[in-house]
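See below for the structure under consideration.
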Amino acid sequence: MTIIESNSTVETFQELGISEEILKGLASMGIEKPSPIQAQGIPPVLEGNDVIGQAQTGTGKTAAFGIPVLERVDASENAIQALILCPTRELAVQVSEELRKIAKYVPQIKIEAIYGGDSIERQIRSLRKGVHIVVGTPGRVMDHLERGTLHLDSVKMMVLDEADEMLDMGFREDIESILTDMPEERQTILFSATMSKPIMTITRKFQQNPVLVKVVRNELTNQNIEQVYFEVKPQAKVEVMTRLIDTHDIKSLLVFCNTKRKVDEIVEELQLRGYAAEGLHGDLRQQQRNNVMSKFKAGVTTILVATDVAARGIDVSGLDAVINHDIPLDEEYYVHRIGRTGRAGKSGKAFSLVARDEKFRLKGIEAYAKAKIEKGVIPSFEDILGVRKARFVATIASTIEENNDVTSYEDVLESLRHSGYTIEQVVAAMAQKIMGVQKNEYADSNLAWEERRGDRRGEERGDRRGDRRGGRFESRGERRNDSRFGERRGNDRGGDRGGFGGRSEGRRGRAEAGMTRLFFNLGRQDHLAPRDFVGAIAGEANIPGTSIGAIDIHDKFTYVDIPERDVRTVLQAMDGNTIKGKFVNVDVAK
């Protein structure tokens, strides 16, 4: 494997040997200088090499593979010559739209996006007319292959975009099946944020002497992004979020949560407070997702609340800020999240709201990103009131100066004065109504959590025991050698797991080292036993049942300890799923 670190001195696309038509398309998009991944990735792809591109969201990787794909397509040959696989519908649409923009002056190249949620009959009609490049999700591509409506005999180039995400989402079998059905004499290009073991397995099996193009770490951290965290009590996170929105006058915001349930809760609370917010997660139908994104891009919605998977690949450039309502369970997701703001040379803000039990994750992120995230001070109610007053005064002054004809409204003031109100009362009432600032239960409260005695010692112990990712324990799979876990090892999925159901009321406290406690909204009243949780989690999340820790069943809810490395997988697999026909809501226990 040849490895290329992205330290190129290439200044223009002309130096890369790009055709005039593609150069004109890039110019029409305002793209003048290649990014590091483009400068290093385009030449080996153009030369016909198999390529692995390691790059994060926001580094320009779509053009890194898209430009050479367009260059190598023979428009005179009416057959599919390139297949690009993406993990989500949104990313498939985004990639196809970007390719069309780049190929603006090569209209004879036909590009089609195929994905679930869109009319398969329309897609079939388009494929029959003739397409050169297909961009699709693995599931829909497999559907077309089984129907015989997609033919890959002439494919010369295969691209796996966000390969790590596709594997995390369980598309490995589909990907391998698609690759196996394709011509052996083809070029395979793989883009991924990480070089995990599953990724390397795919490369060894389906690539020939690949060139690895890698964006080095200091290029992954955008220097234009102001990164700040706030220590916040869990119940006050939305209040703090709205204060940050008002203080910084944020007009376009992406809020990240770890679960679908939390997305819905935050959207509802923001809407009740008068903010134009919409949610995006995996339970939405395609038409709903399209409507949400259309309103956000049009500025009708100013706040988009999303899970990591739902936000992957969506085109939301030009954001003022990103807020991490929940600290991500994977350090890499933090980099993906904040990469949504501060693009194209503009400044951006990334705020993280950190509950007490999330502090160790923040330390892991700092260690992973090799960056210091500054601690911020939560704006007070008086701060927000002052900001709103200043904006009100500026708005009124601007209206008076810009609009000379205000005589039509002068009688309004006169009517109010005749009703016995002073000018001061009228102006104050107008200000209160327009500013919309009302005292609530948080107005005079301290919203930051206070460090308890012993927290610092606990952190230091965690630091000493943590591994290189900062705060994760080395002995992830180890458990205390006591009778409780001795009982559990002797049982398989079908057993009662050592009788945890009967111990539920007496068990309290935190999960063991290396484990994270999850909260499930189902319990004993739903007629569930420990084996039901084990079977569902192991089956849906594809993790060994023996790796699942303590199961603490109460009447209306259950705590389940999961290895830290599997938490993200379990949350994505189980939230909104069912156990014995009953819908599940799951979150990290507070």
For the range 138-158 versus the range 32-81, the gap between their alpha-carbon centres in whole angstrom: 21 Å
In this structure, the FRET efficiency calculated for residue 419 and residue 285 from their beta-carbon separation, with R0 = 51 Å, to the nearest 0.05, is 0.50
If I model a spin label as a point 7 Å beyond the Cα along the Cα-Cβ vector, how far apart are those points for residue 28 and residue 432 in nm? 5.6 nm
Model label zone, residue 19; criterion: amide N under 19 Å from point 7 Å along Cα-to-beta-carbon; scope the range 103-144: 103-112, 130-135
With each label point set 7 Å from Cα along the Cα-Cβ vector, what nm distance links residue 298 and residue 235? 3.9 nm
Just to confirm the filter: which trypsin sites (Lys or Arg not before Pro) across the range 243-334 are DSSP coil and have at most 12 other Cβ within 10 angstrom of their Cβ? 285
How large is the charge dipole for the range 225-378, taken about the Cα centre, if only the Cβ atoms of Lys, Arg (+1) and Asp, Glu (-1) carry charge, to the nearest 20 debye? 220 debye
Please give, to one decimal in nm, the separation of the simple spin-label points placed at residue 276 and residue 46, each 7 Å out from Cα toward the Cβ. 4.3 nm
Find which of 392, 352, 341 sits farthest along the positive direction of the dipole of the range 334-399, computed with +1 on the beta-carbon of Lys and Arg, -1 on that of Asp and Glu, about the Cα centre. 341
Evaluate the charge dipole of the range 99-186 about its Cα centre and quote only its size in Debye, nearest 20, assuming +1 on the Cβ of each Lys and Arg and -1 on the Cβ of each Asp and Glu. 860 debye
Extension gain from residue 391 to residue 79, taking 0.36 nm per residue of separation minus the Cα-Cα distance: 106.5 nm
Need one word for the range 221-379: rounded, prolate or oblate. Basis is the Cα gyration tensor (sqrt eigenvalues a ≥ b ≥ c); a/c below 1.5 gives rounded, then a/b vs b/c decides. rounded
Once you sort the root eigenvalues of the Cα gyration tensor of the range 2-219 as a ≥ b ≥ c, which label holds: rounded (a/c under 1.5), prolate (a/b larger than b/c) or oblate (the other case)? oblate
Segment residue 101-residue 374, length gained on full extension (0.36 nm per residue, minus Cα span): 94.4 nm
List every residue whose amide H lies under 5 Å from the amide H of residue 51, counting only residues 5 or more places away in sequence or on a different chain, with H placed 1.01 Å from N in the peptide plane. 188, 189, 190, 211
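Each reported figure results from applying straightforward, stated rules to the coordinates on display, with no laboratory input. This one's a predicted model, so the numbers in the text were calculated from it and none came from an experiment. With ideal geometry, Cβ positions are generated from the backbone for all residues, glycine too; neighbour counts draw on all protein chains shown.
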